[in-house]
Amino acid sequence: MTEMPDNKKQQILAETGQDDNEKLMHTLELLDSYKITPPSGQDTAKLIALLKPVLKEQIPLLPVDKSQPLPEFCGRLNMLQLVQPQAMLLSKWFMAMCTIILMSGLALTNAVDGNTLLFLANASPVLGILTVLYEFRAKHSGVSELEAACPYSPAQLATARLIVVLGFDILLCLLATPAVSYWQERVLWQVITSWLGPLLLMLGIALAASLRLGIAGGCLVSAVAWIVQLATAKGASLFSILLPGQPVYFSDILGMVSGAVLILYSYKRWNISSQFTEDAFRDW
């Protein structure tokens, strides 16, 4: 057994509230002298051979014939069933605060004769980024190992959370849409595209960047992109600068399509990464 440093022993005892327990410290010191012989390849093969019959009895396997639609259907059904517990990660106070802040901001903007349509279009990406950070907080709160022990794959968990994020953000913005449509005298579909385009685009940027930088880094990149858009396009879509002369709704639709492509790309990468992990474990 590898000898444990003294500071590590003190840390273990402190975490258990027994930092002044001399007996436990003596026990840890005795464990340092306990030598364990690493198992040989033959021993590992014997262990796997013994475990295989037990696992086959306890875990019902799905049909391996890919021509059968049952496995794919069950996978989708399990993922949809996973949405409900993932939705519970959005606490009531978080949803209430988001709703109060958004509705109060719209009411205040209208009270000072401001552009409520522009406010909603600029607030929706912020709402999306905050919801992603809150829903995917397990990635930076140190409980990823616990999630890895559950029967669902990381791709299924991420997809279920993405459905929750999109569902909450879109529902909240839809609640504000009739009022904005009335105040700004705009058609409902124009109001929807004005906030749905930036929302999907910034969510897509956050998720795509998170593949390399983690969820916090992806949200940071998305926030920077949103700030750059505010500074350069004065609240309008960046596509309106790249394509001058085009109608505003055309830029919003391009933002929707671009965001949807990035979200789909992130989803595919999650599945590829999950499949790679499963194949590696199966080969082992």
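The values are calculated or read from the model by the stated rules, or taken from the named source; none is laboratory data. The structure displayed is predicted, hence computed values, not measured ones. All Cβ positions, even for glycine, are placed from backbone atoms using ideal geometry, and neighbour counts span all protein chains on display. For accessibility, only protein heavy atoms count, side chains too; no ligands or nucleic acids. Shrake-Rupley method; radii C 1.70, N 1.55, O 1.52, S 1.80 Å.
Surface composition of segment 79-270: carbon and sulfur atoms hold 71% of the protein heavy-atom accessible area at a 1.4 Å probe.
Summed over the residues of segment 79-270 and divided among them, the accessible surface reaches 51 Å² per residue at a probe radius of 1.4 Å.
Below 14 angstrom from the Cβ of Leu127, what's the summed charge of the other residues (Lys, Arg +1; Asp, Glu -1)? Computed value for this residue: -2.
Across segment 79-270, the relative contact order, built from alpha-carbon pairs under 8 Å that are at least six residues apart, equals 26 percent. Rounded to the nearest Hz, the phi-derived 3J(HN,Hα) couplings of segment 32-43 under the Karplus curve 6.51 cos²θ - 1.76 cosθ + 1.60 (θ = phi - 60°) are 4, 7, 7, 9, 10, 7, x, x, 7, x, 5, 5, where x marks glycine and proline. Of Tyr182, Tyr267, Tyr34, Tyr249, the residue with the largest accessible area leads and the full order is Tyr182, Tyr34, Tyr249, Tyr267 (1.4 Å probe). Shown here is the pair-distance distribution of segment 75-137: with all Cα-Cα distances grouped in 10 Å bins from zero up to the longest one, the shares run 19, 38, 26, 13, 3, 0 percent.
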